[in-house]
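Beneath this line is the structure, given in structure tokens, with notes to follow.
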Amino acid sequence: MKLSSLRIPRGMRGFESGLAEVFDVTLSDGRVASVEPALDASTLRGTLISCPVDAHVHIDKNYTVREVGPASGDLFAAIGRMERHRALWSVEDIAARMERALQQAWRSGTRALRTHLDWPGPEAPRALAAFEQARERWRGRLELQFVSLTPLDVFADAQAGERIAQAVRRAGGVLGAFVYRNEGLVHKLGRVFDLAQEHGLALDFHVDEGLDADATGLRAIAQLTISRGARRPRVVCGHACSLSVQPPEQAHSTLQLCAEAGIGLVALPTTNLYLQGAWDSTPVPRGITRLREAAAAGVRPMLATDNVQDAFYPYGGYDLLETFGLGVQMAHLAPAADWLDAITTHAAAALGLGWDGRIAAGCPADLVLLAARDEYELLDPQGRARTVIRAGRDLEEQDTELEEPQR
Ligand SMILES: [Zn+2]
């Protein structure tokens, strides 16, 4: 396959581009064979990116809003509603919902997803069995990772923490916790870090998901990561909404610590817009974390989907480019094309994927060809029209072949 006269965003170029801005790309045997300056740079045909990576989703509870109800912007109300319903779900219910989400992600061009699984106590949840089936079914197409999502206070009980960490290790997952203004926060976080180091696990936190300026979990996590020295676990933090309402100097110093700690920071624009800010009047503070300051401090910022059609966020779907567009508008991420790294290369690094998402001869031909001819059209629905290329072939053509009757 030959793809002609395309833009490739700067951060996604795994090759020396010199002064060239428009490229011809050839694919063969499921890989990129060559990337060259375009023979015809005058007729732009679109933008080529590597398949996006969704660093933070919740496929165990998506599509439950009709049953559970929307929480009208109250995070803790959403947690309460979900708790009452979770016990009723069978592995089959959860598996069906997961499959719906993954199908949509696959069609949209996503190549890897990291999902959090509600894990409220020491017992592994039913969602883990459904997840393991999905991971197996999608192997070789979508790379799936999971994080155990446990209230931080559960780790105060040493035995409970140990059981969770053992189960996560057995199932090949990432250890996580929900952290918000907990009592004895540093001590409990220290226990989570101990478990990660003892079991060789990476960490991923829901942290400071609220607009209280005294929520400083992110800072504590960065300090703990640094204090663990060379054997520190790999750490990703999601939300960090409170960073947006802290004094700029305080936020800046926290982000410098995050950079030193190598923490990946994920903003979740859809859920944060929905859950943060007033509901009795037009909301003005909206809770997006300080993405631009994070980038300036040397932290790799990411944008991810988070909740889809559940109590936490009753709308949305698994098209990461939609979330990207919202993030660009919400946080003034310009030039937009430079921020495509937030849903591709940065997320690939944070998740430790085998391919860093840079396009170069020899890389996998798992690509999305967008109609957008420049950064402005990236936020235009027509510009987001796309051809998803999987293993060097147009996904729609592969589908047509599958539908042909066997003769
Ligand atoms: Zn989340």
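Here is a check on your reading of the model: is Leu321 among the hydrophobic types (A, V, I, L, M, F, W, C), more than 16 Å from the ligand (Cβ to nearest atom) and more than 14 Å from His239 (Cβ to Cβ)? Answer is yes for this residue.
Output the residues belonging to segment 183-210 that are more than 16 Å from the ligand (Cβ to nearest atom) and crowded, with 18+ Cβ neighbours inside 10 Å. Residues satisfying the conditions are Leu185, Lys188, Leu189, Arg191, Val192, Phe193, Leu195, Ala196, Leu201, Ala202.
Based on this model, can you work out whether Tyr318 counts as touching a helix residue (DSSP H, G or I) at 6+ places or on another chain (Cβ under 8 Å), touching a residue at least 24 places away in the same chain (Cβ under 8 Å), assigned to a loop (DSSP other than H, G, I, E, B) and closer than 12 Å to Asp54 by Cα?
Details: touching a helix residue (DSSP H, G or I) at 6+ places or on another chain (Cβ under 8 Å): yes; touching a residue at least 24 places away in the same chain (Cβ under 8 Å): yes; assigned to a loop (DSSP other than H, G, I, E, B): yes; closer than 12 Å to Asp54 by Cα: yes.
Yes: the conditions hold for Tyr318.
Of all positions in segment 42-64, at least one carries a residue that is more than 16 Å from the ligand (Cβ to nearest atom), more than 27 Å from Pro364 (Cα to Cα) and assigned by TED's automatic domain parsing to the domain that holds Ala372. Evaluate segment 333-343: report whether one residue or more is of a type in the set (D, E, K, R) and either within 16 Å of the ligand (Cβ to nearest atom) or outside any helix (DSSP H, G or I) (or both). No - not one qualifying residue is present in segment 333-343. The lone criterion from (1) over 30 Å from Glu92 (Cα atoms); (2) part of a loop (DSSP other than H, G, I, E, B) left unmet by Ala71 is number (1). Across segment 107-122, the number of residues qualifying as touching a residue at least 40 places away in the same chain (Cβ under 8 Å), out of contact with any Lys or Arg (no Cβ under 6 Å at 6 or more places or on another chain) and open to solvent by 20 Å² or more (accessible area, probe 1.4 Å) comes to 2.
Any chance segment 90-102 includes a residue that's in contact with a Leu (Cβ under 7 Å, 6 or more places away or on another chain), crowded, with 23+ Cβ neighbours inside 10 Å, in a helix (DSSP H, G or I) and not β-branched (Val, Ile, Thr)? Before you say what the answer is, go through the steps one by one.
Just the residues of segment 90-102 that are in contact with a Leu (Cβ under 7 Å, 6 or more places away or on another chain), to begin with: 102.
Those left that are additionally crowded, with 23+ Cβ neighbours inside 10 Å: 102.
Filter again for in a helix (DSSP H, G or I), leaving 102.
If we keep only those that are not β-branched (Val, Ile, Thr) as well, we get 102.
Looking for residues that are in contact with a Leu (Cβ under 7 Å, 6 or more places away or on another chain), crowded, with 23+ Cβ neighbours inside 10 Å, in a helix (DSSP H, G or I) and not β-branched (Val, Ile, Thr), one finds at least one in segment 90-102, hence yes.
Is at least one residue of segment 152-169 within 16 Å of the ligand (Cβ to nearest atom), within 19 Å of the chain's Cα centre (by Cα), closer than 23 Å to Asp306 by Cβ and outside the structural domain of Val388 (by TED's automatic domain parsing)? No, segment 152-169 has no match at all. Per the listing Ala222, Ala215, the residue uniquely open to solvent by less than 10 Å² (accessible area, probe 1.4 Å), aliphatic (A, V, I, L, M) and modelled with pLDDT of 95 or more is Ala222.
Just to be sure, is Ala348 among the aliphatic types (A, V, I, L, M), out of contact with any strand residue (DSSP E or B) (no Cβ under 6 Å at 6 or more places or on another chain) and either open to solvent by 40 Å² or more (accessible area, probe 1.4 Å) or within 26 Å of Val235 (Cα to Cα) (or both)?
No, not satisfied.
Condition check: out of contact with any Lys or Arg (no Cβ under 9 Å at 6 or more places or on another chain) and aliphatic (A, V, I, L, M). Does Leu303 satisfy that? So Leu303 fits the description; yes.
Taking Val68 as the residue in question, decide whether it is open to solvent by less than 50 Å² (accessible area, probe 1.4 Å) and modelled with pLDDT of 95 or more.
Values: open to solvent by less than 50 Å² (accessible area, probe 1.4 Å): yes; modelled with pLDDT of 95 or more: no.
So Val68 fails the test.
When the residues of segment 289-307 are filtered to those that are part of a loop (DSSP other than H, G, I, E, B) and away from the ligand (no atom under 11 Å from the Cβ), the one that is most open to solvent (accessible area, probe 1.4 Å) is Arg300.
Scanning segment 77-89 for residues that are under 16 Å from Phe312 (Cβ atoms) and exposed (fewer than 15 other Cβ atoms within 10 Å of the Cβ) yields Gly80, Glu83, Arg84. Scanning segment 319-340 for residues that are of a type outside the set (A, V, I, L, M, F, W, C) and surrounded by fewer than 24 Cβ atoms within 10 Å (Cβ to Cβ) yields Asp319, Glu322, Gly325, Gln329, His332, Pro335, Asp338.
Limited to segment 1-19, what total is found for residues that are open to solvent by less than 20 Å² (accessible area, probe 1.4 Å) and part of a loop (DSSP other than H, G, I, E, B)?
Within segment 1-19, the subset open to solvent by less than 20 Å² (accessible area, probe 1.4 Å) is 3, 5-6, 8-9, 12.
Going one step further and asking which of them are part of a loop (DSSP other than H, G, I, E, B), we end up with 8-9.
Residues meeting the conditions: 2.
The values are calculated or read from the model by the stated rules, or taken from the named source; none is laboratory data. Computed from a predicted structure; not experimentally measured. All Cβ positions, even for glycine, are placed from backbone atoms using ideal geometry, and neighbour counts span all protein chains on display. Heads up: the accessible areas ignore ligands, DNA and RNA and are worked out on the full protein's heavy atoms, side chains in. Shrake-Rupley method; radii C 1.70, N 1.55, O 1.52, S 1.80 Å.
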